[in-house]
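The values are calculated or read from the model by the stated rules, or taken from the named source; none is laboratory data. What you see is a predicted model; the values in this text were computed from it and never measured. Don't worry about glycine lacking a Cβ; one is built from the backbone with ideal geometry, like all the others, and counts go over all protein chains shown.
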Amino acid sequence: MSRTQPWSNPGVSVSVCIAETSYLNCQLIERAFRSKRNRVAVVGSAVRSAEATALLREKQPDIAVISAQLQDGALEGYRVLREMRPACRRTRCVMLLHSRERKLVVDAFRSGARGVVFRDQPLEILCKCIHAVHHGQVWANSETMRHLVEALGQTMPVHLRDSRGADLLSKREADVVRLVADGLSNKDISTQLALSEHTVRNYLFHVFDKLGISTRVELVLYWLQRQSSGPSVAPATDAADAASVG
């Protein structure tokens, strides 16, 4: 059985649903977010995968905080992530992990997470992650980004040129990709490049098609790979940084 609460506080900017291993854990997270300065409202919680999926479809929150382990299995949170994507397109997901094992982290992002927070981190970090993801960023420290770039390199070739040796992306498409990687939204990109938002979306559609990818996260990882193949790459220095994807 899932639990829901009305979301009626006009001062709260981010609605959140929680899927955790127990209702005690759900309550601990909710209690940590009660302060108005956090600007977060928990609108529902669940502890089993089917309940969590149903809750997310009903509430359509801004953010879903999903534990990898739920009451019905150690990796059921991944199932929730995958099943909610078609029905909850506006909801962005943050996954709670007990381990920094590379496979678990990479699979979280592959399943649709926009951020990963580890259980040994303070709840303040989770709050920061929620707001970063809500504003279109990917929350990943430098170690996590390295795992993701390595995994991407093993599964997807870096398409820089076509069979004739020509650049795969046009200059304008490359400009759009660069701005996405800098964390700009479609609206911001349209302003900077003096294009309509519709045109920016069309450019992104063509870029996704050319590169064989489907998400902005993959696009940023593609750009990181492309940059790392050049003569100079700025190393990640802050393990708490969030990677912007706009």
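Here are a few things to note about the model shown:
- Residue match in segment 25-43 (condition: in contact with a His (Cβ under 6 Å, 6 or more places away or on another chain) and either modelled with pLDDT under 95 or outside any loop (DSSP other than H, G, I, E, B) (or both)): no
- Looking only at residues in segment 158-178 that are modelled with pLDDT of 85 or more and basic (Lys, Arg), the one that is farthest from Gly136 (Cα to Cα) is Lys171.
- Scanning segment 145-157 for residues that are closer than 21 Å to Leu97 by Cβ and touching a Phe, Trp or Tyr at 6+ places or on another chain (Cβ under 8 Å), we see that the one that is modelled with the lowest pLDDT is Leu152.
- Under the condition of being at pLDDT below 85 and out of contact with any Leu (no Cβ under 6 Å at 6 or more places or on another chain), the residues counted in segment 110-136 number 2.
- Against the conditions (1) surrounded by fewer than 12 Cβ atoms within 10 Å (Cβ to Cβ); (2) modelled with pLDDT under 80, Ala194 satisfies every one except (2).
- Extreme residue, modelled with the highest pLDDT, among residues of segment 203-222 that are surrounded by 15 or more Cβ atoms within 10 Å (Cβ to Cβ) and of a type in the set (D, E, K, R): Arg216
- Residue match in segment 179-188 (condition: under 17 Å from Tyr203 (Cβ atoms), more than 22 Å from the chain's Cα centre (by Cα) and either at pLDDT 65 or above or outside any helix (DSSP H, G or I) (or both)): no
- Taken over segment 43-98, residues that are surrounded by fewer than 16 Cβ atoms within 10 Å (Cβ to Cβ) and in contact with a Gly (Cβ under 9 Å, 6 or more places away or on another chain) amount to 3.
- Among the residues of segment 108-124, those identified as touching a strand residue (DSSP E or B) at 6+ places or on another chain (Cβ under 9 Å), buried (at least 16 other Cβ atoms within 10 Å of the Cβ) and not hydroxyl-bearing (Ser, Thr, Tyr) are Ala108, Phe109, Gly112, Ala113, Arg114, Gly115, Val116, Val117, Phe118.
- Among residues of segment 44-75 being among the acidic types (Asp, Glu) and part of a helix (DSSP H, G or I), the one that is nearest to Val106 (Cα to Cα) is Glu51.
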